[in-house]
Amino acid sequence: MSTSSNFEQRLFYGLLALLVWLPLPYATNRPWAEAIFEVAVVILAAFYLYGWRQNRVVPGAGFMSAKPVLWLLGVWSAYLLLLLLPLPISIRELLSPDSVIQYRAAGVEGAAPLSLVPYAGFMYWLKSVSYTLVFALVLLLVNSKQRLVILAYVLVLSGVFQAFFGSLMTLSGVEYLLFGKKEAYIGFATGTFVCRNHLAGYLEMVSAIGIGLLLASWAPDETIRTWKQRVRSWMRLLLSAKLLLRLMLAIMVIGLVLTRSRMGNTAFFSSMIVAGFIALLVFRLQAGSVKQMFAKRETRSMVILLSSLFVIDLILVGAWFGVEKLAARMEQTSVEHDLGRIEVSKNTLNLLSDYPLVGAGGGSFYTVYPRYRPPTYDAYYDHAHEDYLEIAADTGGIGLALLGSMVVLSFIAALLALMRRKDALMRGMAFASMMGIIALLIHSTVDFNLQIPANSATFMVVLALGWIALGLDSQGSIKQRIKTRSQRDS
């Protein structure tokens, strides 16, 4: 029995190690780093399948509740493969007439793929399968509250390291990444990422998880009536893990401010406000009235906590570490200042108009885009500065609808968990999932975080948290679930 538990535990720790590793080698945004990621996650999945056949692992309840998204991810992977298969001209003329023109221009008259860049499409498919495996492994291996807490803390600690490392490099003037000297974004915190905006995207998600942990542990366990009780409560706070977690969140906010990422900071604080408003609305519906809602210590604690996060982090911590410079960047934002991004978005819309249904093929943007760039505009872009447009340009309306449905369903799962679950940890993780989803969806309107493997994989974890919060049996332990399965199989 213990052997089975140890086998599954090793897989869980292997998954944690992979999640911590992903941001380190340039956010895994290099071919060699992507290869390591893909091989590692396939090995973990293969070992899990072996353990499943040997009855040495117990799937988490979140895996069963997330079946709709798992089916969507399966359809998504099959769809990307379909774009790579040679198809007759008659089918291609129906689905993507412009691809037929392009292949004819290249001298190809017979069967050909819908993707204009098959090799890039294959690499895109490999990464997509890897993200799917990350999502599935999190759902499968996080099968107890203990593991859920460990997963959350590991990601928060990873964010603390990124924020501390990025802040140290910026404030000291050393300006190094983990594997070499920084060549871009000098004077801005980037952590081990190449781009400051992508570090901001990562910190948005892991900070949301940290806030979820804090919400789960913040509700007071007694009614405070006297000053003696108040002093005792504050002493317990100073000696508890809550204070340490609060300090870690402050470090991540410092790193976020030092990125000077306008939309990164906007997305973080906006998502906290929106997710907090949704949580209050849920509590209002459950309480029946506003008066009864605020009579609950849980509601008051959440309002106090989120207000303190906003005020203390934005005003006090930000004032010490340069929030005024961030504000200056936001004030300078204008159409002229962001003309490059606007031009790319406009040109990408023209690209999308030629490939509206199935796109030009996964990962094809950097190859196809130059054809839509005005001759007078010679700047090189390997990505559109908007995830939605790039996903649509690569995979068409079908691909965007599949991925969008997956995100919407996961958000609904997190919302249902917030409404139905009474367990503080489940509610905290549901809040974290909602806030992380909102933050990255806002940020994706002006950036390409979802094209960066470290951020895409972390986003899959954020999506999985909503399903875990909805389906995880808060009473069951790993050993109990293994014992139950063994008795059933015998």
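The values are calculated or read from the model by the stated rules, or taken from the named source; none is laboratory data. None of these values were measured; they are calculated from a predicted model. Don't worry about glycine lacking a Cβ; one is built from the backbone with ideal geometry, like all the others, and counts go over all protein chains shown.
Quick rundown of the values:
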read-out: Given (1) of a type in the set (S, T, N, Q); (2) part of a helix (DSSP H, G or I); (3) farther than 30 Å from Tyr372 by Cα, index of the condition Asn143 fails; value: (2)
read-out: Single match in Ala328, Ala379 (criterion: modelled with pLDDT under 85 and either closer than 20 Å to Arg260 by Cβ or crowded, with 18+ Cβ neighbours inside 10 Å (or both)); value: Ala328
read-out: Residues of the range 415-425 satisfying the condition of being part of a helix (DSSP H, G or I) and either in contact (Cβ under 8 Å) with a residue 60 or more places away in the chain or over 8 Å from Ala469 (Cβ atoms) (or both); value: Leu415, Leu416, Leu418, Met419, Arg420, Ala424, Leu425
read-out: Pairs where the first residue, in the range 53-71, is farther than 10 Å from Leu139 by Cα and the second is in a loop (DSSP other than H, G, I, E, B) and modelled with pLDDT of 90 or more, C-beta under 7 Å, 6+ apart; value: Val58/Asn143
read-out: Residue in the range 79-88 that is modelled with pLDDT of 95 or more and hydroxyl-bearing (Ser, Thr, Tyr) present; value: yes
read-out: Helices (runs of 4 or more DSSP H) contained in the range 16-113 and holding at least 1 residues out of contact with any helix residue (DSSP H, G or I) (no Cβ under 9 Å at 6 or more places or on another chain); value: 31-53, 67-82, 89-95, 97-105
read-out: Members of the range 114-125 found to be in a helix (DSSP H, G or I) and crowded, with 16+ Cβ neighbours inside 10 Å, listed by number; value: Pro118, Ala120, Gly121, Phe122, Met123, Tyr124, Trp125
read-out: Candidates Asp447, Asp423, filtered to the one that is under 25 Å from Ala27 (Cβ atoms) and acidic (Asp, Glu); value: Asp447
read-out: Residues of the range 167-194 satisfying the condition of being among the hydrophobic types (A, V, I, L, M, F, W, C) and touching a residue at least 24 places away in the same chain (Cβ under 8 Å); value: Leu171, Leu177, Leu178, Phe179, Phe188, Ala189, Phe193, Val194
read-out: Any chance Ala414 is at pLDDT 95 or above, buried (at least 22 other Cβ atoms within 10 Å of the Cβ) and not polar (S, T, N, Q); value: yes
read-out: Residues located in the range 22-35, provided they are under 17 Å from Val129 (Cβ atoms) and either surrounded by fewer than 14 Cβ atoms within 10 Å (Cβ to Cβ) or not hydrophobic (A, V, I, L, M, F, W, C) (or both); value: Thr28, Pro31, Glu34, Ala35
read-out: Pairs, first more than 15 Å from Ser307 (Cβ to Cβ) in the range 273-286, second basic (Lys, Arg) and surrounded by fewer than 17 Cβ atoms within 10 Å (Cβ to Cβ), C-beta under 9 Å, six or more apart; value: Phe283/Lys296
read-out: Yes/no for Arg341 being out of contact with any strand residue (DSSP E or B) (no Cβ under 9 Å at 6 or more places or on another chain), at pLDDT 55 or above and of a type outside the set (Phe, Trp, Tyr); value: yes
read-out: Number of positions in the range 36-49 that are touching a Lys or Arg at 6+ places or on another chain (Cβ under 9 Å), over 14 Å from Gln9 (Cα atoms) and surrounded by fewer than 20 Cβ atoms within 10 Å (Cβ to Cβ); value: 1
read-out: Hits in the range 161-170 - residues which are touching a helix residue (DSSP H, G or I) at 6+ places or on another chain (Cβ under 8 Å) and either surrounded by fewer than 23 Cβ atoms within 10 Å (Cβ to Cβ) or of a type in the set (Gly, Ala, Ser) (or both); value: Ala163, Phe164, Gly166, Ser167
read-out: Residue within the range 97-110 that is surrounded by fewer than 21 Cβ atoms within 10 Å (Cβ to Cβ), in contact with a strand residue (DSSP E or B) (Cβ under 6 Å, 6 or more places away or on another chain) and not acidic (Asp, Glu) present; value: yes
read-out: Conditions (1) charged (D, E, K, R); (2) assigned to a helix (DSSP H, G or I); (3) touching a helix residue (DSSP H, G or I) at 6+ places or on another chain (Cβ under 6 Å); number of the one not met by Arg10; value: (3)
read-out: Residue that is in contact with a helix residue (DSSP H, G or I) (Cβ under 8 Å, 6 or more places away or on another chain) and under 18 Å from Val138 (Cβ atoms), where the choices are Leu416, Leu440; value: Leu440
read-out: Enumeration of residues in the range 2-48 that are on the phi > 0 side of the Ramachandran plot and of a type outside the set (Ser, Thr, Tyr); value: Ala27
